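To start, the structure itself, in structure tokens.
The values are calculated or read from the model by the stated rules, or taken from the named source; none is laboratory data. Here the structure is a predicted model, which is why all the values come from computation and not from measurement. Note: ideal-geometry Cβ built from the backbone for every residue, glycine included; neighbour counts use all protein chains shown.
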Amino acid sequence: MLVKENLENFKSKIDQGVTLVAVSKTKPISDIMEAYEAGQRNFGENKIQEMVNKYEALPKDIKWHMIGHLQRNKVKYMAHFVDLIHGVDSFKTLNEINKQAKKHDRIINCLLQARIAKEETKFGLEFREIESILQSKELAELENIKIVGLMGMASFSSNEEEVSAEFQGLKALFDSINASNIELKILSMGMSGDYKIAIKNGSNMIRVGSAIFGSRNYIV
């Protein structure tokens, strides 16, 4: 019952207005079911095939979040069930998601990933690119996707001021976009190591795994 205890303990520490995505990558079905039975419904995976396998084995009212970097040629495998795609960082990817969603007569919710970290390894769009996409005529023509918010990953740093500044920048963009008559609801910022800073700076969706499921055993 460790997962249930961890989940309840974690939820008691965060505001009710913050959606918790339990990052279940590499974790077995039994752990996810324990979290599910404790009331958790939002789960995040970073590999499409693993998410597909879990979708097929688990209750169908689970909301699956694709949180990893997205390869366009794999969108088709999850288009019939994915609830929210977090890491969209190009218009070509939006186009592919729309194409696959149309085949299943669905509208797929997406977050545009902003590049806020200084690290070269992080993916994401520049702020001006995000604004350009949201205002584009081409986006308006994609009827089977809906951009519902923004996502960003801060630098992997022990410098809390640096991390906080990166989150503040994305929150300012989020507010600026909402002030221009484009409605965004979700600001997905914060993981196990920095979720407290993210929430303090306006995040309303966090992605947390190890605090719930314990450390991961990666197979090399």
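The table below lists the values:
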read-out	value
Residues of region 161-172 classified as under 16 Å from Gly202 (Cβ atoms) and surrounded by fewer than 21 Cβ atoms within 10 Å (Cβ to Cβ), total	6
Subset of region 103-117 that is part of a loop (DSSP other than H, G, I, E, B) and not hydrophobic (A, V, I, L, M, F, W, C) - its residue that is surrounded by the fewest Cβ atoms within 10 Å (Cβ to Cβ)	Asp105
Exclusive hit being over 30 Å from Asn159 (Cβ atoms) and either at pLDDT below 95 or part of a helix (DSSP H, G or I) (or both), set Lys99, Lys122	Lys99
Members of region 201-211 that are under 18 Å from Gly149 (Cβ atoms) and surrounded by fewer than 22 Cβ atoms within 10 Å (Cβ to Cβ)	Gly202, Asn204, Val208
Residue match in region 6-22 (condition: crowded, with 21+ Cβ neighbours inside 10 Å, in contact (Cβ under 8 Å) with a residue 40 or more places away in the chain and part of a helix (DSSP H, G or I))	yes
Cβ-Cβ under 6 Å pairs, at least 6 apart or on other chains, region 66-93 side free of Cβ contacts under 8 Å to residues at least 24 places away in the same chain and at negative phi, far side surrounded by 20 or more Cβ atoms within 10 Å (Cβ to Cβ) and part of a strand (DSSP E or B)	Met66/Ile85; Leu70/Gly87
Qualifying positions in region 178-196 - within 25 Å of Arg128 (Cβ to Cβ) and either hydroxyl-bearing (Ser, Thr, Tyr) or surrounded by fewer than 21 Cβ atoms within 10 Å (Cβ to Cβ) (or both)	Asn178, Ala179, Ser180, Asn181, Ile182, Glu183, Leu184, Lys185, Ile186, Ser188
